Amino acid sequence: MAARIGRTVADSTPEWPAPPKPPAGAPNILVVLFDDVGFSDFGCYGSPIRTPTIDAIAARGLRYAGFHTTAMCSTTRAALLTGRNHHSVGVGCLANFDSGFPGYRGKIDKAAGTLPEMLRPHGYRTYMLGKWHVTPLTETGPSGPFDGWPLGRGFDRFYGFMDAETDQYAPELVRDNTPITPPGTHADGYHLTADLVDQAIRYIADHTADAPQTPWLTWLALGACHAPHQAPDDLIRSYDAVFETGWDVERERRLARQKALGIVPSETRLPERNDGVRAWDSYPATERALFTRLQSAFAAMLDHADQHLARLVGFLEDAGLRDDTLIIVMSDNGASQEGGPQGFVNAMGPFNFRAEPMAEKIARIDDIGGPDTHSNFPQGWAMASNTPLRRYKQNTHGGGIRDPLVISWPNGLAARGEVRPHFAHASDLVPTLLEVLGIQPPEQVAGVSQMPLEGESFAASLTDPAAPARASSQYFEMFGHRGLWKDGWKAVSFHPPGTPFDDDRWELFHLDRDFSETDDLAAREPERLAGLVEAWWAAAEAHQVLPLDDRFGPRFADNSARFHGARRRFVFHKGMGHLPTDVAPDVRARTYRIEADVRLEGGDEGVLLAHGDATSGYSLYLRDGRLHHTLNIGGEKTTATSDRLVPASATRLGVVSRRSEAGPRTFTLTIDGQPAGEVTATTGFATLISWSGLDIGLDRGSPVADYAAPFAFTGILRKVIVTMDDDQTLDGAAVGEAEMARQ
């Protein structure tokens, strides 16, 4: 009954619209999304890594052996959130660039509503924590636009980071729409995983106190186990003995466990080592020890995450919420190949052409996993993570796209510890949840007509192990690697970058009989293969996959140039907040000037401007009465120090960095525009500055130079001006390699 408005309350009738009503019996939903965790890395999928919390969730529910993702992080997240294929919604590749084509905008189309946008009209409250990475990074600055941020896509609250990765001890944190300083440091025991779980518990506790009758969706997207692999030192060392036998033995052991667990069929064969991976025993003992420690850091990061997930599950138990909470635990793609054949202790040097020789890696073995490292394990260990599958993240063979999926809902699902072999895809999650809840996808979201869901619900298999297989086919594409699954068969091609797409060799596998893709049937069944390849091209046209593009470097370099355009001058005023790397001045491979407008009283010290962290970056600062500029390339620091004390009357303090075609660059300090000391550096930012952003007046979190962060400036800092010359020359291939390691 509508309200009737009379002249007075006495002749008026009020109305109270009914609030959204949740579906009967609607559970809470907790999604736990791991990053770069391979098919075999959970204990309940065959790993020796300690994951008792995840294993216990599986014991009270289901594991899927046929769950597939999209081979990369942004793309899987777009499919998981929308129930559509990632190219269809405009995230054909990464959120880091817009290629200018509909399938490659790097941002989820408004016509593709997200799960929280679909649940909100049905009474759900929605909370997001951790990694987002489905907003173009050039839109993650302080002016947005915010329509692609979590709160702009349906979540009620957000606490996490926007980029592909972040330092776990000094993360680039955002609360809702505002960058914030992390609430702790490595020195006092801070780690992002623990912080995210703390915040998740708070969101759910606040919700329970305020609206206990209302269901919630909590989306917890951990940084674990994306590089940098960072975890407590004692936990890292505890895994050395577990992995000292190497990746060849570990693969055999994992496959045996998987067969015993029923994850893979008993006849499953282990493929040959991936291209470029050497036998473990071919390395000397010192290098094997290094590789073991790098793997131990990865394992400890996963173990550490499981320990904190235990706190969250324990909270649900204590609050009486566990039995009516649908918990989903999964990974976004296979284990990462970006560590290369030898891994990294600090990848930031090599990505700027400063080599990290084996002797240096070995000398830093005890630093691995700490606050001044950006470590990643060798490809041999990534291969072991993906046991028994071929290749890695980025690729459309099983190692890139087949991932663990654990589902548990004690009150709603009778399964206890069962394994489902059914094929399922990331785009199938939303249709499955909507079917479980009895909700129809909306025709409009915020006034925008919606494209149809493209995923297919696998809800029937949650309760029936004999449920029919997925009826529709599923295509795959990433950087020109291609694949198509249909009726238990898979056609797949590996695309070497820079080669003609027509030269790619397609393979054919009967996955229902060949789990690990070891028996190529292409020559024996050419007609079947031809049909699947033709179906792939049809799907590619239907879902905005075309044009195929394998250009790593140009995509990133062009995107940066297009975003910054002709801008060569940045003015940072006192009071500004933190700037993400992708919107900060791009001083790579060019001449630039930094000048701070200050007022001094004598004895002042602190950072004027800093961009980066302990692994890479630059900083201009006052200390001991002198002006300093430190260039940090992969931990190798070159510092210019003024040749005289800075007078209290000085008002302009700066540095000029001049590039040269020969390679070395000069850094000249200036006091009131006059030269005040110079140093020559043999390296500079050739491909990237840092994945940590820029601050003025302090260096928050992880320090670029040899001072204790935040080393805030004690004088008056009015503004900082950065001016860049138009002489930038970027190596596109090198930029692409560096940026790909970031994903």
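Structure data summary
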{"quantity": "In the range 644-688, the residues that are touching a strand residue (DSSP E or B) at 6+ places or on another chain (Cβ under 9 Å), of a type in the set (A, V, I, L, M) and under 18 Å from H628 (Cβ atoms)", "calculated": "L645, V646, A650, L653, V655, V656, L669, I671, A676, V679, A681"}
{"quantity": "Sole exception among (1) surrounded by 22 or more Cβ atoms within 10 Å (Cβ to Cβ); (2) in contact with a helix residue (DSSP H, G or I) (Cβ under 6 Å, 6 or more places away or on another chain); (3) among the aliphatic types (A, V, I, L, M) for A227, by number", "calculated": "(2)"}
{"quantity": "Count - residues of the range 601-614 that are small (G, A, S) and either touching a strand residue (DSSP E or B) at 6+ places or on another chain (Cβ under 7 Å) or crowded, with 18+ Cβ neighbours inside 10 Å (or both)", "calculated": "4"}
{"quantity": "Test result for G46, under 18 Å from the mean Cα position of the chain (by Cα), within 27 Å of R391 (Cα to Cα) and not aliphatic (A, V, I, L, M)", "calculated": "no"}
{"quantity": "Which numbered condition G90 fails, given (1) in contact with a helix residue (DSSP H, G or I) (Cβ under 9 Å, 6 or more places away or on another chain); (2) closer than 19 Å to V583 by Cβ", "calculated": "(2)"}
{"quantity": "Given (1) surrounded by fewer than 24 Cβ atoms within 10 Å (Cβ to Cβ); (2) at positive phi, index of the condition R125 fails", "calculated": "(2)"}
{"quantity": "Qualifying position, being of a type outside the set (D, E), more than 26 Å from V249 (Cα to Cα) and surrounded by 23 or more Cβ atoms within 10 Å (Cβ to Cβ), among N346, N333", "calculated": "N346"}
{"quantity": "When residues of the range 1-52 are limited to those that are of a type in the set (S, T, Y) and surrounded by fewer than 22 Cβ atoms within 10 Å (Cβ to Cβ), the one farthest from V430 (Cα to Cα)", "calculated": "T8"}
{"quantity": "Breaking point among (1) in contact with an Asp or Glu (Cβ under 9 Å, 6 or more places away or on another chain); (2) part of a helix (DSSP H, G or I); (3) among the charged types (D, E, K, R), for D195", "calculated": "(1)"}
{"quantity": "Residue within the range 100-118 that is hydroxyl-bearing (S, T, Y), over 15 Å from D549 (Cα atoms), surrounded by 21 or more Cβ atoms within 10 Å (Cβ to Cβ) and under 20 Å from the mean Cα position of the chain (by Cα) present", "calculated": "yes"}
{"quantity": "Evaluation of D36 against (1) in a helix (DSSP H, G or I); (2) touching a His at 6+ places or on another chain (Cβ under 7 Å) (one fails), failing number", "calculated": "(1)"}
{"quantity": "Odd one out for L151, checked against (1) in contact (Cβ under 8 Å) with a residue 40 or more places away in the chain; (2) part of a helix (DSSP H, G or I)", "calculated": "(1)"}
{"quantity": "Matching option when the condition is over 16 Å from G38 (Cβ atoms) and crowded, with 17+ Cβ neighbours inside 10 Å, among L217, L222", "calculated": "L217"}
{"quantity": "Number of the condition not met by F515 [criteria: (1) without any contact (Cβ under 8 Å) to a residue 24 or more places away in the chain; (2) of a type in the set (F, W, Y); (3) not in a strand (DSSP E or B)]", "calculated": "(1)"}
{"quantity": "Filter result (in a loop (DSSP other than H, G, I, E, B) and either out of contact with any helix residue (DSSP H, G or I) (no Cβ under 9 Å at 6 or more places or on another chain) or more than 11 Å from D248 (Cβ to Cβ) (or both)) within the range 259-273", "calculated": "G262, I263, V264, P265, S266, E267, T268, R269, P271, E272"}
{"quantity": "All positions within the range 274-286 that are assigned to a helix (DSSP H, G or I) and in contact (Cβ under 8 Å) with a residue 12 or more places away in the chain", "calculated": "W280, D281, T286"}
{"quantity": "Residues satisfying the stated conditions in the range 607-649, i.e. touching a helix residue (DSSP H, G or I) at 6+ places or on another chain (Cβ under 8 Å) and not in a strand (DSSP E or B)", "calculated": "G634"}
{"quantity": "Any hit, the range 672-681, residues being assigned to a strand (DSSP E or B) and buried (at least 21 other Cβ atoms within 10 Å of the Cβ)", "calculated": "yes"}
{"quantity": "Subset of the range 55-99 that is closer than 25 Å to H308 by Cβ, small (G, A, S) and over 21 Å from the mean Cα position of the chain (by Cα) - its residue that is surrounded by the most Cβ atoms within 10 Å (Cβ to Cβ)", "calculated": "A58"}
{"quantity": "Residues (in a helix (DSSP H, G or I) and closer than 15 Å to W132 by Cβ) located in the range 164-192", "calculated": "L192"}
{"quantity": "Checklist (1) touching a residue at least 24 places away in the same chain (Cβ under 8 Å); (2) part of a helix (DSSP H, G or I) applied to D234, failing item", "calculated": "(1)"}
{"quantity": "Evaluation of N85 against (1) touching a His at 6+ places or on another chain (Cβ under 8 Å); (2) part of a strand (DSSP E or B) (one fails), failing number", "calculated": "(2)"}
{"quantity": "Filtered residue count, the range 492-509, keeping only those that are more than 20 Å from T70 (Cβ to Cβ) and buried (at least 16 other Cβ atoms within 10 Å of the Cβ)", "calculated": "1"}
{"quantity": "Exclusive hit being under 28 Å from the mean Cα position of the chain (by Cα), free of Cβ contacts under 8 Å to residues at least 12 places away in the same chain and more than 21 Å from R390 (Cβ to Cβ), set D210, D206, D240", "calculated": "D206"}
{"quantity": "Every pair of residues 6+ apart whose Cβ atoms lie under 6 Å, when the first sits in the range 477-499 and is free of Cβ contacts under 8 Å to residues at least 60 places away in the same chain while the second is among the hydroxyl-bearing types (S, T, Y) and not in a loop (DSSP other than H, G, I, E, B)", "calculated": "L484/Y475"}
{"quantity": "Candidates A289, A256, A305 - the one that is crowded, with 21+ Cβ neighbours inside 10 Å and either of a type in the set (A, V, I, L, M) or not in a helix (DSSP H, G or I) (or both)", "calculated": "A305"}
{"quantity": "Flag if L217 is out of contact with any Cys (no Cβ under 7 Å at 6 or more places or on another chain), of a type in the set (A, V, I, L, M, F, W, C) and within 17 Å of D306 (Cα to Cα)", "calculated": "no"}
{"quantity": "Count of the range 615-646 residues which are closer than 30 Å to H229 by Cα and surrounded by fewer than 18 Cβ atoms within 10 Å (Cβ to Cβ)", "calculated": "2"}
{"quantity": "Tally, over the range 534-561, of residues that are in a helix (DSSP H, G or I) and at pLDDT below 80", "calculated": "10"}
{"quantity": "Search result, residues across the range 89-136 that are touching an Asp or Glu at 6+ places or on another chain (Cβ under 6 Å) and among the hydroxyl-bearing types (S, T, Y)", "calculated": "T126"}
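The values are calculated or read from the model by the stated rules, or taken from the named source; none is laboratory data. What you see is a predicted model; the values in this text were computed from it and never measured. Cβ atoms come from the backbone with ideal geometry, glycine included; neighbour counts cover every protein chain shown.
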